[in-house]
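One structure is given here, and the rest of the page talks about it.
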Amino acid sequence: MRRILIDKSISDRVLTVGERYWDPVHGGIVSVLKAYRESFETFHFIASSGRLNWAHKLWYDLGGLFVLGWRLLWDRRIKIVHIHTAAGRSFDKHAYYAWLARLMGRKVILHSHASRVKVWYEGLSERHQWRVRRMLSKLDRLIVLSTSWRDFFVSIGVSPEKVDIVNNITEPAGREKVAREAGGPVQLLFLGEIGPRKGVFDLLQAMALLQGAAPGKARLEIGGNKNEEALEEAIRSQGLADCVHFNGFVAGDRKKELLNRAEVFALPSYHEGLPVSILEAMSYGCAIISTPVGGIPEVVRENGILVRPGDVEGIAAAIARCADESVCRRMGLSSLEIVKDYYPEAVMARLKQIYESLLR
């Protein structure tokens, strides 16, 4: 059900640019765009990315720029162009959108969702870094997901007055948590891309350690896509078939069911911005096991356990600690309190302040 949190007096004056959120796709930017669409009374949007093949991507790269110029030419109501981007090719491409919007006299907000922007930036040539800094200096606002990312952009020369923190967004779960069976294993859940960056293979190694030391203490459900065969082989080779279940990519009611049954959400990532998946799990009252990267330490405090990326023994110890039902329940209740600042009402109130400041 839609809740209008940004009314027409503002939403008619904002044009959003980002990924095609209506495809059967997933990820942080797509989740945010869907939430914004539900909160804006009118959602003016231009898709800037294709997915099918190189021709599809090129069509959207060039076509999106053409549509942006055309929209800004005829629709004088639009005063702000709000661009959602990641790192790498996404950042470089959206620099042209920012340039065109400024050329046509509009205010420009760049909204950085990148988990690897620091790694990407530090790997660039000096000339490319200079172009990035120059583009950032021309923005009216740069939106980031956490204090740590604000500090990074300020460190490379972005004016602190131009950098705003807007939390990622999630909805309240709105359902009662499924309780653990008496004497049963702690229920863990991983949702995300299957691959090294999200740490799912480290999580499997931790489960194997735990099974060797304390069999039957934990059960892990995994939802995600990419590298499915490698994941299934890792589950078989480590003898985890009895305690780890791979669901493939999950969405809709199945995703809600898994979140509702989970007591612990595990995401031992190597790089992140601020994962929407952690916020979703917190809204379901999950304890969190994750890593101190990106904005994660700002939301995982007394409600979870942080371990160093790649620390398999640390992950196993964290799972063992969460096997204590009272510890797990206390962390879950803390999650429900912390996540309130990430519900639509709070996030849209902050975003509205930024829009209003640019419309004055």
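Computed from the coordinates by the stated procedures, all read-outs in this text should not be read as laboratory data. All values reported here derive from a predicted model rather than from experimental measurement. Every residue, glycine as well, gets a Cβ built from its backbone with ideal geometry; the counts of neighbours run over all protein chains shown.
Here are a few things to note about the model shown:
- The listed peptides 119-129, 279-289, 150-160, ordered by packing as a protection proxy, come out as 279-289, 150-160, 119-129 (highest mean of other Cβ atoms within 10 Å first).
- 3J(HN,Hα) from dihedral phi, the stretch 350-358, Karplus parametrisation 6.51/-1.76/1.60, rounded to Hz, x for glycine, proline: 5, 5, 4, 4, 5, 4, 4, 5, 7
- Under 10 Å, Cβ to Cβ, from R2 - net charge with Lys/Arg +1 and Asp/Glu -1: 0
- Cross-link pairs beyond the 29 Å C-alpha cut-off, checked among K162/K255; K118/K162; K8/K256: K162/K255; K8/K256
- L124/K8 FRET efficiency (R0 35 Å; Cβ-Cβ; nearest 0.05): 0.30
- Here the dipole of the chain is about 1600 debye; that uses its Cα centre as origin and unit charges on the Cβ of Lys and Arg (positive) and Asp and Glu (negative).
- With Cα atoms defining each centre, the stretch 317-360 and the stretch 113-177 are spaced 20 Å apart in the structure.
- Computed over neighbours whose Cβ is under 9 Å from that of E280, the net charge equals 0, Lys and Arg +1, Asp and Glu -1.
- Ignoring aspartates and glutamates fewer than eight residues from K34 along the same chain, the ones with Cα atoms less than 18 angstrom from its Cα are D7, D12, E19, D23, E171, D253, E280, E345.
- At q = 0.11, 0.17, 0.23 Å⁻¹, base-10 log of I(q)/I(0) for the stretch 176-252 (Debye sum, equal scatterers on each alpha carbon): -0.28, -0.65, -1.09
- Here the chain is treated as a Stokes sphere of Kirkwood radius computed over C-alpha pairs; at 37 °C and 0.692 mPa s its diffusion coefficient rounds to 153 µm²/s.
- Evaluated at q = 0.12, 0.19, 0.20, 0.24 Å⁻¹, a Debye calculation over the C-alpha positions of the stretch 296-354 (equal weights, vacuum) places log10 I(q)/I(0) at -0.41, -0.76, -0.81, -0.97.
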